[in-house]
1. Scan (1) touching a Lys or Arg at 6+ places or on another chain (Cβ under 9 Å); (2) surrounded by 12 or more Cβ atoms within 10 Å (Cβ to Cβ) for the single condition Lys65 breaks and write down its number.
2. Within segment 1-11, how many residues turn out to be in contact with a helix residue (DSSP H, G or I) (Cβ under 8 Å, 6 or more places away or on another chain) and either among the aromatic types (Phe, Trp, Tyr) or in a loop (DSSP other than H, G, I, E, B) (or both)?
Amino acid sequence: MTPHKYTQKEDGDIIFHHKYKEIKDFLEHGFREGNNGWLLMGREKNFSIFKGFGTIEAPYKHLRKISVEHDPLWDGEIASPEEVINPPKEEYSSMTTKYSLLIWDARENKTI
């Protein structure tokens, strides 16, 4: 679920807002099944705040909150709140969708 708007507080922290019906369905399913994952709820300085339940592999029927620190070295540049609400569209690239098969004949030491 993608947030539909955000509020930036005076101290720079961000609160993401989700639609009421989506939150209601998310919570009902989470308390019943425990396998619907996590929602991005906000950002405090360099930490992203998530609330949610478990996953299909590890269901958990109680609401939990986790904070995940953003590391620019591993994660790249942090997305702005506008990019979180309206993620940039991925452009089609033949570099990421082209596949080839190389068959190596070890007996004759050549490619076919």
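Read-outs throughout are calculated quantities, based only on the coordinates presented, and are distinct from any laboratory measurement. These numbers come from a predicted model, not from an experiment. Positions of Cβ are backbone-derived with ideal geometry, glycine not excepted, and every protein chain shown enters the neighbour counts.
1. Result: Lys65 passes all but (2).
2. Here is the first cut: in segment 1-11, the ones in contact with a helix residue (DSSP H, G or I) (Cβ under 8 Å, 6 or more places away or on another chain) are 1-6, 8.
Narrowing further to those that are either among the aromatic types (Phe, Trp, Tyr) or in a loop (DSSP other than H, G, I, E, B) (or both): 1-4, 6.
Residues meeting the conditions: 5.
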